[in-house]
Amino acid sequence: MPPVLELRGITKAFPGVLANDHIDLTLEEGTVHALLGENGAGKSTLMNILYGLYTPDEGEIYIRDQRVEIDGPNKAISLGIGMVHQHFMLIPVFTVAENVMLGVESLRNGIFLDPSAAASRIGEISQMYGLRVNPNTYVKELPVGIQQRVEIIKLLYREADILILDEPTAVLTPQEVEEFFKIIRSLVDRGKSLIFITHKLNEVMEIADDITVLRGGRVAGVTKPSQTTQKELASMMVGREVVLQVDKQPAEPGDVVLQVENLEAVDDRGNAALRGVSFEVREGEVLGIAGVQGNGQTELVQALTGLRNILAGSVHIAGADLTNASPRKILQQGVAHVPEDRQQDGLVLSFPVSDNMVLNTYYKPPFARYGSLNQKQILAAADERAREYDVRTPSLSIPVSNLSGGNQQKVIVAREFSRPISLLIASQPTRGLDVGSIEYIHRRIIEKRDEGTAVLLVSSELEEVMSLSDRIAVMFEGEIVDILWADEVTREQVGLLMAGVKGD
Amino acid sequence: MTEDISTKPQVGLVTDIGQIDDGTYNQYAYEGLLRAADEFGLESRVIETAVLEEFESNLIQLAKEGCKLLVTIGSRKGEDVERLAARFPDTHFILVDYTPYARAKNVTGLVFAEDQAGFMAGALAGLMTASGVVGFVGGVDVAPVLKYHHGFEHGVAHTNNRARVVHAYTGSFTDQEKGEAAAHSLLDQGIDTLFAAGGPSGSAALRTAAAQGAWVVGVDQDEWGTTFENGSAPGSDHLLTSAVKRIDHAVYTAIRQALEGKLTGGTLTFNLANDGVELAPYHDADSAISSEIQGKILEIRKALQTRELDTRVGPDGQVTMQGFLPRILSWNWQAVLLPFLAIFSALVIGAIFIAAFDPEVWAAFSEGFFKGLGASFSSIAQAYTSLFEGAFGRPSKIIEGFRIYAQTRDDVVLRAAIRPLTESLRLSTPYIFAGLAVALGFRCGLFNIGAEGQYFVGGLLAVFVGYSIKGFPLIIHLPLAIIGGMVGGALWSAIAGWLKAKTGAHEVINTIMLNYIAFRLADYLLNVGGPMSRPGDFRPVSPEIELSAYLPQFFPNDPSIRLNSGFILALIAVGVVYWFLFKTTLGFEIRTVGANPHAARTAGINVSRSFVLAMAFSGALAGLAGAHDILGVLHFMPNAFSSGYGFDAIALALLGKSHPVGVLLASLLFGFLRAGAQRMQAPPASVPIDIIQIVQALIIIFIAAPEVVRLIYRIRAARAADEAVFTRGWGST
Ligand SMILES: Nc1ncnc2c1ncn2[C@@H]1O[C@H](COP(=O)(O)OP(=O)(O)OP(=O)(O)O)[C@@H](O)[C@H]1O
Ligand SMILES: [Mg+2]
């Protein structure tokens, strides 16, 4: 049987970068093909080419041995190719059904939209693949895990049989990942073929049939899970040995920096999200917040950074009462904030990389004097930060949206880490990063800790919390159920607490 | 040796793969290293990499042993070396043939102007060929090879514009068979001169071609000494020369600079001017190359060296354009072309309307089709001629005016001739202010529909200051009146900004409401007997402003020319708004809020304050438009003051892409159209002014929907990166 899809010699250059350099890739029918690679290795670019969003400079695409020219997403869809982008492309104020039928609207009498016809097809699809979702809810009200299902349903609705999933698991909780894998298996069982991009090597080992590793725009290796190890994959990706374990000395905690007492707040819908949260973080220690996403972590971070109204309780940072203080006041108190949703809260995508590097310090000397910006200084500082944090960009003046997802994250980390700080609040700091960069950022966090910074780490990756934290606070339904010493506790114990099972 | 070895600074070399006598890169790098070591008394260490996998560990070994300078070839593993460099900050890595990616302070790439060497080779080939067909064989199309290739092509074209260059790539630097095959296929196409840049694969091509009696040119090093074994190999008399890259010299120079403390990372370029590239001696072919040709090559070398002559090859080997016209063409011409085509299309459609609404055309059609057609054309020509003359004046008259002025110093004719032009500029002035107002709002994500109301209130305050204050000199009174206009507009719009910031009320609704309030306010103030009405007058108008509040005219003695210094003020406003938006922290905040309010808030920007500020600035600009019309043109305020600027301003901001300069251009366009339309309305054309509004509307539609224009003219979209789908709903916070 011929491969369902074959890419030969795909080459694509952007000004200053060769994003894809003669890439070959073969996808067999009814299999999952994992595409691995560092941030900026060219994975998304390759997939965007396949989906017709970019025109390759060179190379050929074959579908079942037929040469095809894909000059736009419509062409890709008509060839049975569907793609879920790294950053979702749903319209939040539309319902699930409306989002799904967008572009392929079913019409009643040839004029009127017929959402009910769409809804019933969505019902069938959900049934068949185990993608449970209510077609009539608004997308903005759905958690990311479900939004992802909507994206996948969108593809199936268009009868795609080659599905491209660009970092689908980056935004999912471990539970959601389990669900997601079930969906993948049911897709494969029904003969769909998938290209699956991820940075998580354990996922690759679990779900992939074939693996292609990209590095610097080229194919660095092709293998199978049965023939390789995670360690080998990591070094194939990065081109050197990767330390998957964080290596750190015991913490030497100092004075209390962040003191939170009986914090209460509500979420966007007005439901109680924080029900009397108290804890403290000291100089030179990492307090990790573990918890299944949606148990108040997001609201906690927002309350601490001045982005959410605090109804009761208090926040003291370095002795100053910052309960309901403005975000700027809090930032000026030496707080660094790596927000959870980088594209929404961390970056201005249409701004150049350089401006994003000074997004919260632009008004201070040397970047500005007497209210007038000094672009030279901004560029110089951005240049230095980009180098130090290995942000891979052909130029600092291109919009940050042109950077690969992982490099966008590095821009934020570079910005937040390179000013004097006493408290670091990091939400999902390594989401979407490759193993090499994760190693790097973990090292920087520990370095900050060792310099005496207090670190509050929020992550839905239990692994990350376990390996970085000195103490772990477990959140469940808006409360901190327990705070534990990281070296005295097992994964299982934390996992149980996260699930709301109280130990004794 | 007297000196203790261990005290000597160490320099090291790791071959990328192969030995230091490989006759090419590694060998030349080594020679450069040796020369530097010798000259500066350095201890040199060398590791020859046998298999690629050991390359990195070899580098690490030398770095760990304390080599302060490490030389290697970067083309294969440059990126890995760069990564490695981060771990050894005390060691400076010098990479031949590599452009560092991240510009670390301890990584220097050495790159060469292969295009210059290739150009000279091409120039020689162009002069030597008899058949008029010359060939190029490349290995893999990496940047250095592309630079040789395109430099060669341009060199050939430089000396022999009838010659044709054919080329072939072997896809390998090592496969000799493919090189031979490539040579044969080019020979079959009739070449009699061949240049090859492809390592051993390319050298094989050269040998093959030389054996068949073609002239050949070597590459990278003097191939007379290598491929043709110092002239002992057959065909060496057919080797014209080689395009040489002085790797030894480059490595030596880099080391010297390092010792002088001048090596700080980045790339060093080696070209003809610093002896980085050159043509090798002619050797056995010397007698075959006439002294005239040799002289020409020398001239070309000099011209390249002084940059008088450009190879037209970019740093990645791409062909670049040269000269004024190509540079303009390579510019983002779509950005210019699309608006132009939009205007053109709108005029074409406008022409249809003109003909269709002309009763004479109908009459002519009833007499016969061709008569009708003729009448249509004359009607359209008539109308557009008036439009043009109304906007710019009649060129012949302007020339005539200048002539008379030059001869007699009498400017009556000239003034009359340029009157339309000045009128266009005058009409553009309020457009500029109002367009800037809306554009500034857009930049903050605000849709200021209220420019009209702000224009009114600005006008009211300006006129009030203008007539109520008496006895001040112009220098005080005029600025006061102008400021009055700005303050009026600013206060009015700030209300909407404040409501948005405090209550989240949408500015579109609020500014529309404020428009009505402004109109009624003017009614109340100006109507006969109202607080600002002109005493004793039966019309709803304000008193005349004092002379000291007049915006000075350009031609004070000729009241028919109404262009006044307000136009200068508008140009200044363009500059100020640009500066404000892009050079100040407040502008930065406003743009950030406009582009992503969430990120702005997270970054500590006071979003509410930005809303109020942007609204106030926007209103001040709209108020200036009102002040201009009062202080510069009317000198009093009638109740029916409105001229729809506020609404046209939205179109201007859209047309100008919310950029001050774009708004300026759009405003000039509208001003000229409006001035022209007034002339068009008058006999002989007698076209209803509505036609121009249709044309304006069409221009806006075409600019707002560039796809339509692209479709009509079959222009392919420049595949921009961001074909993103908007996920942020309109009006969402
Ligand atoms: N539109 C663009 N314009 C310019 N450069 C771009 C553009 N899109 C991508 N690039 C560059 O191309 C390279 C590859 O990017 P790509 O998004 O394919 O990486 P990726 O492998 O998906 O990385 P990540 O894991 O971080 O998402 C990067 O260096 C990126 O900066
Ligand atoms: Mg990506």
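The values are calculated or read from the model by the stated rules, or taken from the named source; none is laboratory data. No experiment lies behind these values; they were computed from the predicted model shown. With ideal geometry, Cβ positions are generated from the backbone for all residues, glycine too; neighbour counts draw on all protein chains shown.
What the table below lists for this structure:
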quantity: Test for A:Thr393: is it more than 14 Å from chain B (Cβ to nearest Cβ), within 16 Å of ligand 1 (Cβ to nearest atom), in a loop (DSSP other than H, G, I, E, B) and buried (at least 22 other Cβ atoms within 10 Å of the Cβ); calculated: no
quantity: Selection count where residues are within 28 Å of the chain's Cα centre (by Cα), in a loop (DSSP other than H, G, I, E, B) and either within 14 Å of chain B (Cβ to nearest Cβ) or surrounded by fewer than 13 Cβ atoms within 10 Å (Cβ to Cβ) (or both), scope the range A:237-250; calculated: 7
quantity: Elements of type helices (runs of 4 or more DSSP H) in the range B:358-442, at least 1 residues being free of Cβ contacts under 8 Å to residues at least 12 places away in the same chain and among the acidic types (Asp, Glu); calculated: B:359-367
quantity: Set A:Glu167, A:Glu151: member being at positive phi and in contact (Cβ under 8 Å) with a residue 40 or more places away in the chain; calculated: A:Glu167
quantity: Selected residue (only one of B:Arg87, B:Arg76, B:Arg103 is modelled with pLDDT under 85, within 14 Å of chain A (Cβ to nearest Cβ) and on the phi > 0 side of the Ramachandran plot); calculated: B:Arg103
quantity: Matching entry among B:Gly459, B:Gly466 (being small (Gly, Ala, Ser), touching a Leu at 6+ places or on another chain (Cβ under 7 Å), under 24 Å from B:Gly632 (Cα atoms) and part of a helix (DSSP H, G or I)); calculated: B:Gly466
quantity: Lone unmet requirement of (1) on the phi > 0 side of the Ramachandran plot; (2) crowded, with 23+ Cβ neighbours inside 10 Å for A:Ser427; calculated: (1)
quantity: Residue tally, condition in contact (Cβ under 8 Å) with a residue 12 or more places away in the chain and more than 29 Å from B:Leu127 (Cα to Cα), over the range B:254-290; calculated: 11
quantity: Candidate set: the range A:25-54, residues that are in contact with a Pro (Cβ under 8 Å, 6 or more places away or on another chain) and within 13 Å of chain B (Cβ to nearest Cβ); chosen: the one farthest from ligand 2 (Cβ to nearest atom); calculated: A:Gly52
quantity: Selected residue [small (Gly, Ala, Ser) and under 28 Å from A:Leu349 (Cβ atoms)] from B:Gly504, B:Gly575, B:Gly530, B:Gly536; calculated: B:Gly504
quantity: Flag for B:Ala233 being free of Cβ contacts under 8 Å to residues at least 60 places away in the same chain and in the same structural domain as B:Asp141 (by TED's automatic domain parsing); calculated: yes
quantity: Given (1) surrounded by 19 or more Cβ atoms within 10 Å (Cβ to Cβ); (2) at pLDDT 90 or above, number of the condition B:Trp579 does not satisfy; calculated: (1)
quantity: Restricting the range A:329-380 to residues that are aliphatic (A, V, I, L, M) and in a helix (DSSP H, G or I), the residue that is nearest to the other protein chains (Cβ to nearest Cβ); calculated: A:Leu331
quantity: Residue within the range A:403-412 that is under 27 Å from A:Ala303 (Cβ atoms) and of a type in the set (Val, Ile, Thr) present; calculated: yes
quantity: Matching residues, the range A:402-425, being of a type in the set (Ser, Thr, Tyr) and within 11 Å of ligand 1 (Cβ to nearest atom); calculated: A:Ser404
quantity: Filter result for the condition that a residue is within 11 Å of chain B (Cβ to nearest Cβ), in contact (Cβ under 8 Å) with a residue 24 or more places away in the chain and over 19 Å from A:Pro15 (Cα atoms), over A:Ile412, A:Ile398; calculated: A:Ile412
quantity: Pick from the range A:31-71, criterion part of a loop (DSSP other than H, G, I, E, B) and more than 16 Å from ligand 1 (Cβ to nearest atom), ranking: nearest to the chain's Cα centre (by Cα); calculated: A:Thr31
quantity: Residue list for the range A:6-18, restricted to those being touching a strand residue (DSSP E or B) at 6+ places or on another chain (Cβ under 9 Å) and within 19 Å of B:Gly314 (Cα to Cα); calculated: A:Lys12, A:Ala13, A:Leu18
quantity: Inter-residue pairs, beta-carbon under 6 Å, first facing chain A (nearest Cβ under 7 Å) and in the range B:593-618, second part of a helix (DSSP H, G or I), 6+ apart; calculated: B:His598/A:Gln344; B:His598/A:Asp345; B:Ala599/A:Asp345; B:Arg601/B:Val607; B:Thr602/A:Asp345; B:Gly604/A:Pro327; B:Gly604/A:Arg328; B:Gly604/A:Leu331
quantity: Single match in B:Gly190, B:Gly109, B:Gly122, B:Gly155 (criterion: surrounded by 20 or more Cβ atoms within 10 Å (Cβ to Cβ) and under 18 Å from B:Ala205 (Cα atoms)); calculated: B:Gly122
quantity: Test for B:Val140: is it among the β-branched types (Val, Ile, Thr), closer than 16 Å to B:Ala123 by Cα, touching a strand residue (DSSP E or B) at 6+ places or on another chain (Cβ under 9 Å) and free of Cβ contacts under 8 Å to residues at least 60 places away in the same chain; calculated: no
quantity: Test: A:Gly9 is assigned to a strand (DSSP E or B) and either among the acidic types (Asp, Glu) or away from ligand 1 (no atom under 13 Å from the Cβ) (or both); calculated: yes
quantity: Of all residues in the range A:309-328 being within 11 Å of chain B (Cβ to nearest Cβ) and not small (Gly, Ala, Ser), the one that is surrounded by the most Cβ atoms within 10 Å (Cβ to Cβ); calculated: A:Pro327
quantity: Some residue of the range B:4-13 being part of a helix (DSSP H, G or I), farther than 30 Å from A:Glu38 by Cα and in contact (Cβ under 8 Å) with a residue 40 or more places away in the chain; calculated: no
quantity: Among residues of the range B:256-314, those that are crowded, with 17+ Cβ neighbours inside 10 Å and in a loop (DSSP other than H, G, I, E, B), counted; calculated: 10
quantity: Sole exception among (1) of a type in the set (Ser, Thr, Tyr); (2) within 14 Å of another protein chain (Cβ to nearest Cβ); (3) over 19 Å from the mean Cα position of the chain (by Cα) for A:Thr298, by number; calculated: (3)
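Residue-by-condition table, conditions (1) modelled with pLDDT under 95; (2) of a type in the set (Gly, Ala, Ser):
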| residue | (1), (2) |
| --- | --- |
| B:Glu423 | yes, no |
| B:Arg426 | yes, no |
| B:Leu436 | no, no |
| B:Asn448 | yes, no |
| B:Lys470 | yes, no |
| B:Ile475 | yes, no |
| B:Ala481 | no, yes |
| B:Asn510 | yes, no |
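Yes/no matrix, rows are residues, columns are (1) in contact with a Ser or Thr (Cβ under 8 Å, 6 or more places away or on another chain); (2) crowded, with 22+ Cβ neighbours inside 10 Å; (3) within 23 Å of A:Val144 (Cα to Cα); (4) hydrophobic (A, V, I, L, M, F, W, C):
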| site | (1), (2), (3), (4) |
| --- | --- |
| A:Ile23 | yes, yes, no, yes |
| A:Leu27 | yes, yes, no, yes |
| A:Ile77 | no, no, no, yes |
| A:Val100 | no, yes, yes, yes |
| A:Val104 | no, no, no, yes |
